[in-house]
Amino acid sequence: MTGSGQPQHSIAVVMPAYNEAANIREAMGAVPAWVDAIYVVDDASSDDTSDVATAVGDPRARVLRHSANRGVGGAMVTGYRAALADGHTIVVKMDSDGQMPAAEMDRLIRPILTGIADYTKGNRFKLPRSTTGMPPSRKFGSVLLSFLTKMASGYWHIFDSQCGFTAIRASFLALLDLDRIASDYFFENDMLIKLNAMGARVVDVPTSTLYGNETSTVSIPKIIATFPPRLVSRWLARLTGKYLVIDFGAVGILASGAVMCLLFGGVFGGYHWFLSATTNHVASTGTVMIAVLPIIIGIQMLLQAFVMEVLSSPGSVETRAYIQELVVSGELS
């Protein structure tokens, strides 16, 4: 890395590509000169994406081609593994359709270089007018999925979860089980969930978006229909693994207590309601209180656990500090 004055770092860019022959040359040409390596992963394109990428002649570039389509996540895993094998210390994900402002890559990797983040991602909603050209359906889908991803991942300070402009510290990347990460467009969401379980600090970085004549292969209705169930299942798995297995701390105790209280109150109350309905005997005040009180306590414990998780979102303090730094420096003017 020469552009940031820290030569001990080696920066690699992975560009997943599927039928991007019309855009790949321009996208590769926009990669800053201080980037050390570019991995273009042709995910079994039916056009000449590989040939065009090779013809660019960038000495930093390697073109890796899949014989069968594996999805954007599968393409990223191939690129990640190649970057790790070559010893790069920071790996950036940049789509090959030209929608990501390569000139802002330095802003993306700076929190990793300075040691305040393990993973950074772009947020296209933080800059004024940066989403003006975004199709309304995609904007709606991004907002909806961002909220669900906050819950599923535990990174309550991040937004725009579908933004694929990301960077990761190689030492953290090496710890991920890449075979267990979603291979389709759920890849970005799944990465956040897996990183939270590892305690990775994630910094949300304001970035721009460039919209041209490129055609998206993403089906917004399909994503909205299929992502929520996957996010809910990942959320439950993350809570169980992080707070009951890996670190049974305050959040785990509160959540476990809440579940027990709610179950007891629900079962006890339901049973006595059934008895009252079938025998026409009104339950006593004491019986009602025995059912209601655990439910109230359980709800309070859940709320407390929720607040504790939000406040402990890894990288939230660093994100606020970094954005303030960008504002003061005039980069977000």
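Taken across region 175-186, residues that are polar (S, T, N, Q), part of a strand (DSSP E or B), at pLDDT 90 or above and in contact with a Lys or Arg (Cβ under 7 Å, 6 or more places away or on another chain) do not occur at all.
Residue-level check: of (1) closer than 30 Å to G115 by Cα; (2) free of Cβ contacts under 8 Å to residues at least 12 places away in the same chain, I38 misses just (2). Under 8 Å between Cβ atoms, which residue pairs at least 6 apart in sequence (or on different chains) link something in region 313-333 that is at positive phi with a partner that is surrounded by fewer than 19 Cβ atoms within 10 Å (Cβ to Cβ)? If the second residue must be surrounded by fewer than 19 Cβ atoms within 10 Å (Cβ to Cβ), the pairs left are G315/H157.
The one condition from (1) of a type in the set (D, E, K, R); (2) at pLDDT 90 or above; (3) within 21 Å of V317 (Cα to Cα) that R124 does not meet is (2).
Filtering T78, T49 for residues that are of a type in the set (S, T, Y), modelled with pLDDT of 95 or more, over 26 Å from the mean Cα position of the chain (by Cα) and in the same structural domain as D179 (by TED's automatic domain parsing) leaves a single hit, T49.
For (1) closer than 30 Å to G115 by Cβ; (2) among the aliphatic types (A, V, I, L, M), each residue gets a yes or a no:
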| residue | (1), (2) |
| --- | --- |
| N23 | no, no |
| A30 | yes, yes |
| A53 | no, yes |
| G57 | no, no |
| R62 | yes, no |
| A82 | yes, yes |
| D95 | yes, no |
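Taking Q324 and the conditions (1) modelled with pLDDT of 90 or more; (2) surrounded by fewer than 14 Cβ atoms within 10 Å (Cβ to Cβ), which numbered condition does it fall short on, given that it satisfies the others? Only one criterion in (1) modelled with pLDDT of 90 or more; (2) surrounded by fewer than 14 Cβ atoms within 10 Å (Cβ to Cβ) is unmet by Q324, namely (1). Within region 278-306, the set of residues being hydroxyl-bearing (S, T, Y) and in a loop (DSSP other than H, G, I, E, B) comprises just one member, S284.
Being hydroxyl-bearing (S, T, Y) and farther than 25 Å from G122 by Cα is a condition met by no residue of region 212-222. Under 8 Å between Cβ atoms, at least 6 apart or on separate chains: pull out the pairs that start in region 273-297 with a residue that is surrounded by 12 or more Cβ atoms within 10 Å (Cβ to Cβ) and end on any residue that is of a type in the set (F, W, Y). Hits for this filter: A283/W273; I290/F268; A291/F268; P294/F264; P294/F268.
Between E309, E214, the distinction of being part of a helix (DSSP H, G or I), among the acidic types (D, E), at pLDDT below 90 and surrounded by 14 or more Cβ atoms within 10 Å (Cβ to Cβ) belongs to E309 only. The residue of region 7-19 that is surrounded by the most Cβ atoms within 10 Å (Cβ to Cβ), among those that are touching a residue at least 12 places away in the same chain (Cβ under 8 Å), on the phi < 0 side of the Ramachandran plot and part of a loop (DSSP other than H, G, I, E, B), is Y18. When A68, A22 are checked against the criterion of being out of contact with any helix residue (DSSP H, G or I) (no Cβ under 6 Å at 6 or more places or on another chain), in a loop (DSSP other than H, G, I, E, B), more than 28 Å from V203 (Cβ to Cβ) and without any contact (Cβ under 8 Å) to a residue 40 or more places away in the chain, A68 stands alone in meeting it. Restricting attention to region 86-93, does a residue exist that is modelled with pLDDT of 95 or more, surrounded by fewer than 19 Cβ atoms within 10 Å (Cβ to Cβ), assigned by TED's automatic domain parsing to the domain that holds K194 and under 22 Å from S10 (Cβ atoms)? Yes, the conditions are met somewhere in region 86-93.
The values are calculated or read from the model by the stated rules, or taken from the named source; none is laboratory data. Bear in mind that the values here come from a model prediction, so they are computed numbers and not experimental data. Virtual Cβ from ideal backbone geometry, glycine too; neighbours counted across all protein chains shown.
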